[in-house]
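One structure is given below, encoded as structure tokens.
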Amino acid sequence: MTHLKRIWIKVQNEANVTRAVIESKSMAQKLGFEGHLSQMIATAVSELARNILKYADFGDVIIFPLQEERIGIEIIVQDHGPGIADIDQAMQDHVSSSGTLGLGLPGVKRLMDEFEITSEINVGTKVTIKKWL
Ligand SMILES: Nc1ncnc2c1ncn2[C@@H]1O[C@H](COP(=O)(O)OP(=O)(O)OP(=O)(O)O)[C@@H](O)[C@H]1O
Ligand SMILES: [Mg+2]
């Protein structure tokens, strides 16, 4: 397989979210994730990038191809927004501070193989997700 390059997308508007979704799906497909698998990855990125716009105004989506012993994809979604006071609570289904479904973060965790979130009040939030082929 050819060596794929990392993609870094600054997110501060809907067009940037769309680009992050398209680029993550395209990277997943190039790595060999077929059909619904690349769509699951794109959906996860959509939820996390949308949270940037909703809660933090701007941030980054960084897409890393994993091409060592195992093939996979790693995506970091980070911002320097308000942070999350109670991560355990935010990870529960139907918990939302904005009155929407509150299925974003727990949904992303279910879609991916690995999920890590760190957040600090007034410092920001960083979510790292991975899926293995
Ligand atoms: N990047 C972020 N910065 C600050 N708070 C966040 C961030 N992402 C999520 N949160 C907090 O965690 C809660 C849960 O997030 P989640 O994405 O699961 O639900 P939601 O965005 O409220 O609803 P949905 O994604 O279903 O529209 C949010 O309501 C918000 O309070
Ligand atoms: Mg959300």
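What nm value, rounded to one decimal, do you get for the distance between Val95 and Ile121 when each label is placed 7 Å out toward the C-beta?
Taking the simple label geometry, Val95 and Ile121 are separated by 1.5 nm.
For segment 79-96, in order, what is each residue's ³J(HN,Hα) by Karplus, 6.51 cos²θ - 1.76 cosθ + 1.60 with θ = phi - 60°, in whole Hz (x at glycine and Pro)?
Whole-Hz 3J(HN,Hα) from phi for segment 79-96: 8, 10, x, x, x, 10, 5, 10, 5, 4, 5, 4, 7, 7, 4, 6, 9, 9.
Given 5 Å bins starting at zero, what is the percent of C-alpha pairs of segment 41-97 in each, up to the one with the largest pair distance?
4, 15, 22, 23, 17, 9, 7, 2, 0
Debye sum, Cα scatterers, segment 1-99, no solvent: what log₁₀ I/I(0) at q = 0.12, 0.14, 0.20, 0.23 1/Å?
The Cα Debye sum returns log10 ratios of -0.42, -0.56, -1.00, -1.17.
How do 1-13, 104-116 rank on mean C-beta neighbours within 10 Å, highest first? Could the numbers behind the result be given before it?
Details: 1-13: 13.2, 104-116: 16.9.
Top of the packing list down: 104-116, 1-13.
Let me know the Kirkwood hydrodynamic radius for segment 15-62, please, with Cα pairs as the basis and the value in Å to one decimal.
Values: mean 1/r = 0.0928 Å⁻¹.
10.8 Å is the Kirkwood radius here.
If you stretched the chain out fully between Asp113 and Arg70, how much longer would it get, using 0.36 nm times the residue separation minus the C-alpha to C-alpha distance?
Numbers: separation 43, 0.36 × 43 = 15.48 nm, distance 1.33 nm.
14.2 nm is the gain from fully extending Asp113 to Arg70.
For segment 66-113, what log10 I(q)/I(0) values come out of the Debye formula at q = 0.23 1/Å, with one point per alpha carbon and no solvent?
Normalising to I(0) and taking log10 leaves -0.95.
Compute the relative contact order of the chain as a whole-number percentage, counting only Cα pairs closer than 8 Å that sit 6 or more residues apart in sequence. All intermediate terms of the calculation are to be shown ahead of the outcome.
On the way: 254 pairs, mean separation 33.0, N = 133.
For the chain, the relative contact order is 25 percent.
Calculate for the chain the 222 nm mean residue ellipticity that helices alone would give, adding -39,500 (n - 2.57) per DSSP H run of length 4 or more and normalising by residue count, nearest 500 deg cm²/dmol.
Working: 4 runs with 47 residues, N = 133.
Theoretical 222 nm ellipticity from helices: -11000 deg cm²/dmol.
How would you rank 94-100, 38-44, 120-126, highest first, on the average number of other Cβ atoms within 10 Å across their residues? Could you put the intermediate results ahead of the total?
Values: 94-100: 11.1, 38-44: 20.6, 120-126: 14.7.
Packing proxy ranking, top to bottom: 38-44, 120-126, 94-100.
For Gly81, what residues show an amide H to amide H distance below 5 Å, using hydrogens built from the backbone and excluding near sequence neighbours?
Under 5 Å from the amide H of Gly81 lie the amide H atoms of Thr125, each far enough along the sequence or on another chain.
Considering the options Gln78, Ile117, Val61, tell which one lies farthest towards the positive end of the dipole of the chain, charges being +1 on Lys and Arg and -1 on Asp and Glu at the Cβ, about the Cα centre.
Farthest along the dipole direction, towards plus: Val61.
Longer than 18 Å from Cα to Cα, which of Lys109/Lys130; Lys25/Lys126; Lys10/Lys30; Lys30/Lys131; Lys10/Lys109; Lys5/Lys30 are they? Say none if no pair is.
On the way: Lys109/Lys130 10 Å; Lys25/Lys126 20 Å; Lys10/Lys30 22 Å; Lys30/Lys131 14 Å; Lys10/Lys109 23 Å; Lys5/Lys30 11 Å.
Check vs 18 Å cut-off fails for Lys25/Lys126; Lys10/Lys30; Lys10/Lys109.
With +1 assigned to the C-beta of every Lys and Arg and -1 to the C-beta of every Asp and Glu, and no other charges, what is the dipole magnitude of segment 35-77 about the Cα centre in debye, to the nearest 20? Don't jump to the answer; show the numbers that get you there.
Details: 3 positive and 6 negative charges, 40 e Å.
Around 200 debye, computed over segment 35-77.
None of the figures in this text is laboratory data; all of them are computed from the coordinates on show. Since we're looking at a predicted model, the values are computed, not measured. Here Cβ is always computed from backbone atoms with ideal geometry, including for glycine, and neighbour counts include all displayed protein chains.
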